[in-house]
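So the structure is just underneath, and the comments pick up after that.
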Amino acid sequence: MANTSGEGTGALEKALDVLDAIGAAPNGLGQSELAERLALPRTTVYRLLATLVARGLVRRDPLRRVYCLGFRCFEMARQAYAMPDLVAAAALELRALRDLTGETSYLATLDGREVISLERCDGAHSQRSAAALGERKPVHCTSQGKAILSALPDEERDAIVRDVVLKPLTPLTITDRRRLQAELRITKARGYSIDDEEIVLGVRCVGAPVIDSAGQVRGAISVAGPAYRLTRARLDLLGPELVDSARRIGAQLHPAGADVTPGTEASVSALPGHWAFHGAHPLWSADGRRLWWADVLAPSVHVMEEGVDRELCAIESPIVGLLRAGEDVIAVHERGAARVGADGQTSAHTPWLQGQVLAVCNGAEQEIWAAVALPEAGTAIGRVRDNATLDVQWRIGEPVHGLGWHADAGALYATAQGSGAILVMQPGQAAVRRLASVPKGSGRVCGLAFDSHGGIWTALCDGWSIARFTPDGQLDRVVGLPVPCATDLVLSPAADGEGRESLTITTARHSVALDMLASAPLSGRLLSMVT
């Protein structure tokens, strides 16, 4: 038995030697060359290669008659680093960076004192950076490594810098620990790192750390290319672009233990009533007894009271939003505004804003906020004056699709579907802050609601879910829905009397394909869940 075990171990070691040799040869190796490099009989190499090919760890290129690493190696590497979600989240951003720059973009993660390449999008130029997937590089002289180090907690970063061997790979490699620490402080302050020909002469690189919603550093993205194309000035221009891309990747990542539950559909229930073509604009009455909402496309105002949902009245054009007006609501539509009572009686609300109104919401006390399309493109946002003119406070270069007033924060929030942004505006301040960005693949941001803990909720239309962000913009929770197109949402105290809150979610049906409706029959219905 001892001999058998030894023979098995020897065969395993030889197979690993074969994998190492092939992995170190980007262009692959032939059978004879492998036998020569490893000093093994060709028959032994043949048997090892046959087994490795059968398991997908090695593949044979029939044209060049060489062996290369198989795709199973990359799959195993990603699984080993628990990074399949990272690779998937980064794919779109890596392609976008490649298209933006024409250079090769990379994704890497930290492994001990090295970074390992997980994904790559090749640039458009014939002369380009071409580091292999799975390749390891020193952490101290790569933009990816420096980006990751800069975002680590101080103690962890200091321990790595203290122990790493600062080997000079080019005359420009940083080999002084104090200088490296200073470089990392600069990197942390500006958000992106630079490799100025520190690992390969003639090649520059810019990188940014990927940080998940719990603040854990998951890896880094980078763009690399010849130094004559990636000048220092261009690196400084590209740096903020990488920071934005890394932030969008991080927003899609959910740490272990986070309450990201795409399968929580059982906790979401449909409220009584008929489906709408495009339900939206849910609004609780001042006393919390009635839930108003609208069907945008079959323009009508509905009310749910004591568990009964009924249509109150039809409106002459698609509805833009609902506003509280005492015990009534104001239905803002594409041709003006109408006042609607709980008994269904309607009257024209005049005067009203001129121009194309994109979104409205109630503010503090009697304030009304509105977003109006600008003739030259973009959006003007401000208070509605008593004479139905807009007191413009901010101008944004894209359409705004939703507004919400956060009473506790004393701030106005907006959603912009084109960029996937949730924006924050403080009255009296000209700045518009981007709280968070939702990647297009996650759905279109629709509607805003604010819970008692400061959380910001939004619906993700075409994303089968709703999401909660923390006050500092970190993705905190994602709840899966049984329908693809959530359009808006509103919070109210839960009926269980335990201090929890209830979310009412409006949904759309008109844009759902017929074959999809079989799997999403609740499309267009009001949904409810306790947070």
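Taken together, the values in this text are just the output of simple stated rules run on the coordinates, not laboratory data. Model, not experiment: these values are computed from the prediction. Cβ coordinates were reconstructed from backbone atoms using ideal geometry, including for glycine residues, and neighbour counts include every protein chain displayed.
Post the alpha-carbon centroid distance, the range 379-457 to the range 297-344, in whole angstrom.
23
Mind pulling the angle between the C-alpha long axis of helix 154-163 and the longest principal axis of the chain? Nearest 10 degrees, somewhere in 0 to 90.
Orientation of helix 154-163: about 10 degrees from the principal axis.
Hey, can you rank 523-531, 91-99 by average C-beta count inside 10 Å, highest first? Show your work: numbers first, answer last.
Numbers: 523-531: 20.8, 91-99: 17.9.
Ranking the peptides 523-531, 91-99 by packing returns 523-531, 91-99.
For a protection proxy built on the mean count of beta-carbon atoms within 10 angstrom, sort 318-325, 36-43 highest first, please. Don't skip to the answer; put the middle values down first.
Values: 318-325: 21.1, 36-43: 12.4.
Going from most to least packed, we get 318-325, 36-43.
Mind jotting down the three principal axis lengths of the chain based on Cα atoms? Whole angstrom, largest first.
The Cα atoms of the chain stretch 93, 53, 45 Å along the principal axes, largest first.
Name the residue farthest towards the positive end of the dipole of the chain from the options GLN417, SER32, LEU172, assuming +1 on Cβ of Lys and Arg, -1 on Cβ of Asp and Glu, about the Cα centre.
SER32
When ranked by the protection proxy of mean other Cβ atoms within 10 Å per residue, highest first, what sequence do the peptides 56-68, 276-288 form? Don't skip to the answer; put the middle values down first.
Values: 56-68: 15.3, 276-288: 19.1.
Averaged packing, sorted descending, gives the order 276-288, 56-68.
How much net charge surrounds ARG383 when only other residues with a Cβ under 13 Å from its Cβ are counted (Lys, Arg +1; Asp, Glu -1)? Let's see the in-between values first.
On the way: positive: ARG385; negative: GLU365, GLU367, ASP386, ASP391.
My count for the surroundings of ARG383 gives -3.
Note the full-extension length gain between ALA513 and GLN356 as 0.36 nm times their separation in residues minus their Cα-Cα distance, in nm to one decimal.
Numbers: separation 157, 0.36 × 157 = 56.52 nm, distance 2.94 nm.
Full extension from ALA513 to GLN356 adds 53.6 nm.
I'd like the orientation of helix 84-101 relative to the chain: the angle between its Cα long axis and the longest Cα principal axis, in ° from 0 to 90, rounded to 10.
For helix 84-101, the angle is close to 90 degrees.
Provide the per-residue ³J(HN,Hα) series for the range 301-310, in order, calculated from phi with Karplus coefficients 6.51, -1.76, 1.60 and θ = phi - 60°, each as a whole number of Hz, with x at glycine and proline positions.
9, 10, 9, 10, 9, 6, x, 10, 9, 9
Could you tell me the relative contact order of the range 463-531? Use alpha-carbon pairs under 8 Å, at least six residues apart, and round to a whole percent. Write out the running numbers ahead of the final one.
Details: 119 pairs, mean separation 18.7, N = 69.
Reported as a whole number, the value is 27 percent.
Could you calculate the FRET efficiency of ALA214 with GLU155 from 1/(1 + (r/R0)^6), where r is the beta carbon distance between them and R0 is 22 Å, rounded to 0.05? Intermediate results must be reported in sequence, preceding the final value.
Values: r = 18 Å, r/R0 = 0.81.
Here the calculated transfer efficiency is 0.80.
Apply the Karplus parameterisation 6.51 cos²θ - 1.76 cosθ + 1.60, with θ equal to phi minus 60°, to every residue of the range 399-416 and state each ³J(HN,Hα) to the nearest whole Hz, in sequence, with x for glycine and proline.
x, 9, 10, x, 10, x, 9, 9, 4, 5, 8, x, 9, 9, 10, 9, 10, 10
For Cα pairs less than 8 Å apart in space and 6+ apart in sequence, what is the mean separation divided by the residue count of the chain, i.e. the relative contact order in percent? Please list the in-between numbers first.
Values: 1199 pairs, mean separation 45.2, N = 531.
Relative contact order of the chain: 9 percent.
In nm, to one decimal, how far is the modelled label at SER347 from the one at ARG310, with both set 7 Å along Cα→Cβ?
Modelled inter-label distance: 2.2 nm.
Calculate how steeply helix 177-190 sits against the longest principal axis of the alpha-carbon atoms of the chain, using the helix alpha-carbon long axis, and give the answer as 0 to 90 degrees to the nearest 10.
30
Let's test the formula: R0 of 56 Å, r as the Cβ-Cβ distance of GLU365 and GLU114. What FRET efficiency results, to the nearest 0.05? Can you show the working numbers first?
Working: r = 59 Å, r/R0 = 1.05.
After rounding to 0.05, the efficiency reads 0.40.
List the residues, sorted by chain then number, that are 5 or more residues from LEU435 or on another chain and whose placed amide H is less than 5 Å from its amide H.
It is ILE422, LEU423, VAL424, by chain and number.
If each residue of separation counts as 0.36 nm, what is the full-extension length gain between ARG72 and ASN27 once their alpha-carbon separation is subtracted? Provide the component values of the computation, followed by the final result.
Numbers: separation 45, 0.36 × 45 = 16.20 nm, distance 1.78 nm.
Extending this stretch completely gives an extra 14.4 nm.
Using each residue's phi in the range 273-289, evaluate 6.51 cos²θ - 1.76 cosθ + 1.60 at θ = phi - 60° and report the 3J(HN,Hα) Karplus result to the nearest Hz, with x for Gly and Pro.
These are the phi-based 3J(HN,Hα) values: x, 8, 7, 10, 5, 8, x, 6, 6, x, 8, 7, 5, 4, 8, x, 8 Hz.
In nanometres, what is the gap between the two model label sites at ARG178 and GLN426, each 7 Å from Cα along Cα-to-Cβ?
If labels sit at ARG178 and GLN426, their model points lie 3.9 nm apart.
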